[in-house]
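J.: The following block contains the structure, expressed as structure tokens.
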Amino acid sequence: MKILYNGTVITQDPANPVIDRGAVVIDGDKIKELGTEELLAKYPGAQRLDARGGLIMPGMLNTHMHMYSAFARGMAIPNYNPRTFTDILRGLWWRLDKLLTPQDNYYSALVSGIEAIKNGTTTMLDHHASPNSAAGSLDELAEAINQLGLRASLSYEVSDRDGPAIARAGIEENRRFARWCQQAKPERLAASFGLHASFTLSDATLEACAEAAGDTGFHVHTAEGSSDREYNLQEFGLPAVKRLDKFGIWNPRSLAIHCVHIDEEEMELLHERDVSVVHNPESNMGNAVGRADVAAMFNKGLRVGLGSDGYTTDMFEGLKVANLLLKHGEGNPAAGSQVPAMAFANNIDIVCRHFGVLTGRLAPGWQADAIIVQYKPYSPLTADNWWYHLLMGVSGGMVRTVLVDGNILMEERELTAVDEEEVYAQARLQAESVWKRL
Ligand SMILES: [Zn+2]
């Protein structure tokens, strides 16, 4: 048993959002009880984790991530001068992904996972690409995730951009990993069937994916750039969402990532199919692809979550950028009310239906995925205003302690499962070798 105490508990449980001077009792991998510090006396034998007046919260959730992008950080790319989103894909991502070896896959996942822990992110839905080492790649990511003790869903992005053999290898990797997850039922790992985006997928490949996927949900970039919409309209007479629907890609476990360039009918179709949309504000701004109409999607009743698209592992950063992008984009300082729903309620819903476990909330019976944040509010923090404290006051670097399934992954900024210095030293060598190959 463990007990987190001496902090303000922000639960994400609408019935009981904030507990002042609260305590959270953990038994095994689940939360047993929440209450005030009187629980210390009730569980005298429990291991005590002192929040020292800070926050006790559920771990943050990232519903769209690319761990393989890790080694792009600081990478000099010869002759790279992108004018469009397609230039960014061709000049950067589709050059980097082809270089990745099994060893690169493993280390990029390991360092991304370490950063996630350090920023208080306990669950990631990842979308992987390594076209020249697709077979077994999801196992390499899984090994890193298991080593760290994180929770992750893994998928391989199938694409025709590197030819039919690599497309087939991608399909097989998704199929293999999803089947393994079904049979082995690994703790903390799940699968989705990754598709790059409809503009790099032929009808034949989409048919093959639909057949291979069985009842797995899809994880697919959807109308991220305007070129995706234009291409599908021009070649197939349908916008991206409608074209993918022809192949049965949309089901309640599917993730439509970005949806920057979709129309009202496509929103309605996604809603009808009970698909989750994931908004990635930093990435959309960085790639200058435009702004997803989050307000319209909410008005249609769509479940919109929040991801980072590999831009960061700090979801507290995502809160801030999503909020500013909505205000700035709508020219309305009162805009942005959807952000807490995206980052918490909707991300929780997406992750729970994905893994089939309850995480993202501190409540009895939920998985013990929790963080301690060294944030001491200098103004009252209440059930009505916790959101503004997170939005304006908290960043990932303030996270001190992280638990997943009741296991301590980081205590007082020290990782428990790996030697951070050693991993980073090895990762730097690995990154250097990738850069040389570029
Ligand atoms: Zn992405």
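The values are calculated or read from the model by the stated rules, or taken from the named source; none is laboratory data. What you see is a predicted model, and the numbers here were worked out from it, not measured in a lab. Reconstructed Cβ throughout: ideal geometry from the backbone, glycine too, with neighbour counts over all protein chains shown.
J.: Just to be sure I understand the filter: pairs with C-beta atoms under 6 Å, separated by 6 or more residues or on different chains, first member in the range 264-276 and farther than 16 Å from M342 by Cα, second member among the aromatic types (F, W, Y). Which pairs pass?
T.: Matching pairs, first to second residue: R273/W250.
J.: Further question: Examine the range 75-89 for a residue that is touching a Gly at 6+ places or on another chain (Cβ under 8 Å), assigned by TED's automatic domain parsing to the domain that holds S137 and aliphatic (A, V, I, L, M), and state whether such a residue exists.
T.: yes
J.: Return yes when G290 is within 16 Å of the ligand (Cβ to nearest atom), more than 18 Å from the chain's Cα centre (by Cα) and surrounded by fewer than 24 Cβ atoms within 10 Å (Cβ to Cβ) and no when it is not. Before you say what the answer is, go through the steps one by one.
T.: On the way: within 16 Å of the ligand (Cβ to nearest atom): yes; more than 18 Å from the chain's Cα centre (by Cα): yes; surrounded by fewer than 24 Cβ atoms within 10 Å (Cβ to Cβ): yes.
Judged against the criteria, G290 is a match.
J.: Given the conditions (1) over 21 Å from the mean Cα position of the chain (by Cα); (2) over 20 Å from E140 (Cα atoms); (3) assigned by TED's automatic domain parsing to the domain that holds H258, and given that G28 satisfies all but one, which numbered condition is not satisfied?
T.: G28 satisfies all of (1) over 21 Å from the mean Cα position of the chain (by Cα); (2) over 20 Å from E140 (Cα atoms); (3) assigned by TED's automatic domain parsing to the domain that holds H258 except (3).
J.: Among the residues of the range 177-202, write down those that are out of contact with any Asp or Glu (no Cβ under 9 Å at 6 or more places or on another chain) and assigned to a helix (DSSP H, G or I).
T.: A178, R179, C181, Q182, Q183, A184
J.: Every residue in the range 55-87 that is within 21 Å of R161 (Cα to Cα) and either surrounded by 24 or more Cβ atoms within 10 Å (Cβ to Cβ) or out of contact with any helix residue (DSSP H, G or I) (no Cβ under 9 Å at 6 or more places or on another chain) (or both), please.
T.: Once the filter is applied, which keeps residues that are within 21 Å of R161 (Cα to Cα) and either surrounded by 24 or more Cβ atoms within 10 Å (Cβ to Cβ) or out of contact with any helix residue (DSSP H, G or I) (no Cβ under 9 Å at 6 or more places or on another chain) (or both), the range 55-87 yields M65, M67, Y68, R83, D87.
J.: Further, regarding this structure: Any residue at all in the range 14-22 that is over 23 Å from the mean Cα position of the chain (by Cα), basic (K, R) and at pLDDT 95 or above?
T.: The answer is yes; a qualifying residue exists.
J.: Additional query: Only one residue in V373, V423, V434, V394 is touching an Asp or Glu at 6+ places or on another chain (Cβ under 9 Å) and outside the structural domain of H64 (by TED's automatic domain parsing), so which one is that?
T.: Values: V373 fails: touching an Asp or Glu at 6+ places or on another chain (Cβ under 9 Å); V423 fails: touching an Asp or Glu at 6+ places or on another chain (Cβ under 9 Å); V394 fails: touching an Asp or Glu at 6+ places or on another chain (Cβ under 9 Å).
Going through V373, V423, V434, V394 in turn, just one is touching an Asp or Glu at 6+ places or on another chain (Cβ under 9 Å) and outside the structural domain of H64 (by TED's automatic domain parsing): V434.
J.: Determine whether the range 204-215 contains at least one residue that is modelled with pLDDT under 95, in the same structural domain as E115 (by TED's automatic domain parsing) and either in contact with a helix residue (DSSP H, G or I) (Cβ under 8 Å, 6 or more places away or on another chain) or away from the ligand (no atom under 15 Å from the Cβ) (or both).
T.: yes
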